[in-house]
Amino acid sequence: MGDKHWKKPAAEALRVREDFRLADVDPGSTPGYTGDKAKAEKHLAKDLPRLADMQERLFAASHVGNASDSVLLVLQAMDTAGKGGIVRHVVGGVDPQGVALVAFKKPTPEELEHDFLWRIRKELPPPGFIGVFDRSHYEDVLIGRVRQLAPAEEIERRYQAINEFEQEIVNAGTRIIKVMLYISRDEQRERLTKRLDRPDKHWKFNPGDIDERQRWDDYMSAYQTVFDRTATAHAPWFVVPADHKWYARLAVQELLFDTLDTIDPQWPVADFDVDEQRRRLANS
């Protein structure tokens, strides 16, 4: 962590711990970071080459070497919180051949015929990849709970099923970063209003978002339960205040760095004689 403006590592400042309460978090705060927007945008851009290098090493270590490591970034949030911006401005800075992005929508009839984790398993990142879930299996205990799309006992079963599922994929070599982008209700209203004010943004507006706003408190309660039940040592949750887009993007970049540093992917050693190939090339 070379940025002097981070007084506390993002992974430490944002991690959900046993006594965590979502209501105590200020969506407009910048935990651990003392810089301003200009500093954050400068450091975000400056560190993108380092992120790209680490991603390339991760990819090479599995595709030429025999490493089994991968990363899964789970992004959950209320609408307009900035998931798309994270994908474009953070993950978008690395080689796309090593990124697997999945945006989960409403389950199809085929998917509904299976257990809720069936469609998730099919989209897990293979070794060497950074996977990004734009929404995820947590929809099944968030909107599923708020909208009562499944019986209460089934929702309860899913928390433990998620914990076991995540332990399984961690054991297989995937590091999981679970992020809730925490936007305030007032900030969401402003962002939705801007979409209505601009004809070029009307395509992004969904009238259903207003319906979901009526259930805001229910969603916040559902998120709190998710944190209480599924914030584990092997798959921790991080709540990232998102009223400032620049902070949310920088924070997620830092979380990716922290995870990739723990993997420490190395360039695979050549399985041929480099000097010999250099001579052959010179004589060709």
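The values are calculated or read from the model by the stated rules, or taken from the named source; none is laboratory data. Given the structure is predicted, the values throughout are model-derived calculations rather than measurements. Positions of Cβ are generated from backbone atoms using ideal geometry, with glycine treated the same way; all protein chains shown enter the neighbour counts. For the accessible areas, the whole protein counts, side chains as well, though only heavy atoms, and no ligand, DNA or RNA atoms are used. Shrake-Rupley method; radii C 1.70, N 1.55, O 1.52, S 1.80 Å.
Filter the helices (runs of 4 or more DSSP H) completely within region 1-106 down to those with at least 1 residues that are among the β-branched types (Val, Ile, Thr).
Once the helices (runs of 4 or more DSSP H) in region 1-106 are filtered for at least 1 residues that are among the β-branched types (Val, Ile, Thr), what remains is 83-89.
Could you say which residue among Lys83, Lys46 is farther than 25 Å from Asn171 by Cβ, surrounded by 20 or more Cβ atoms within 10 Å (Cβ to Cβ) and of a type in the set (Lys, Arg)?
Result of the check over Lys83, Lys46: Lys83.
Counting only residues that are surrounded by fewer than 10 Cβ atoms within 10 Å (Cβ to Cβ) and over 23 Å from Leu58 (Cβ atoms), how many does region 264-277 have?
2
Filter region 181-212 down to residues that are touching a residue at least 24 places away in the same chain (Cβ under 8 Å) and in contact with a Leu (Cβ under 8 Å, 6 or more places away or on another chain) and give me whichever is surrounded by the fewest Cβ atoms within 10 Å (Cβ to Cβ).
Out of the qualifying residues, it is Asp209.
Going by the conditions given, is Ala23 open to solvent by 80 Å² or more (accessible area, probe 1.4 Å) and farther than 23 Å from Trp6 by Cα?
Yes, satisfied.
Out of all the residues in region 49-63, is one or more among the aliphatic types (A, V, I, L, M) and open to solvent by 40 Å² or more (accessible area, probe 1.4 Å)?
No.
Going through region 108-138 one residue at a time, which ones are of a type in the set (Phe, Trp, Tyr) and in a helix (DSSP H, G or I)?
Residue satisfying the conditions is Trp118 alone.
Kindly indicate whether Arg147 is open to solvent by 70 Å² or more (accessible area, probe 1.4 Å) and either modelled with pLDDT under 95 or more than 21 Å from the chain's Cα centre (by Cα) (or both).
So Arg147 fits the description; yes.
Looking at region 122-136, can you tell me whether even one residue there is in contact with a Lys or Arg (Cβ under 6 Å, 6 or more places away or on another chain), surrounded by 15 or more Cβ atoms within 10 Å (Cβ to Cβ) and within 23 Å of Val87 (Cβ to Cβ)?
yes
For every residue, the table says whether it meets (1) free of Cβ contacts under 8 Å to residues at least 40 places away in the same chain; (2) more than 18 Å from Glu166 (Cβ to Cβ).
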{"position": "Ser221", "(1), (2)": "yes, yes"}
{"position": "Arg229", "(1), (2)": "no, no"}
{"position": "Pro236", "(1), (2)": "no, no"}
{"position": "Ala242", "(1), (2)": "no, yes"}
{"position": "Trp246", "(1), (2)": "no, yes"}
{"position": "Leu255", "(1), (2)": "no, no"}
{"position": "Thr259", "(1), (2)": "no, no"}
{"position": "Gln266", "(1), (2)": "no, yes"}
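Among the listed residues Ala23, Ala81, Ala10, which satisfies the condition of being in contact (Cβ under 8 Å) with a residue 24 or more places away in the chain, of a type outside the set (Val, Ile, Thr) and closer than 26 Å to Lys204 by Cα?
The conditions single out Ala81.
So which of Ala233, Ala251, Ala282, Ala270 is of a type in the set (A, V, I, L, M, F, W, C) and under 27 Å from Thr80 (Cα atoms)?
So the residue among Ala233, Ala251, Ala282, Ala270 that is of a type in the set (A, V, I, L, M, F, W, C) and under 27 Å from Thr80 (Cα atoms) is Ala251.
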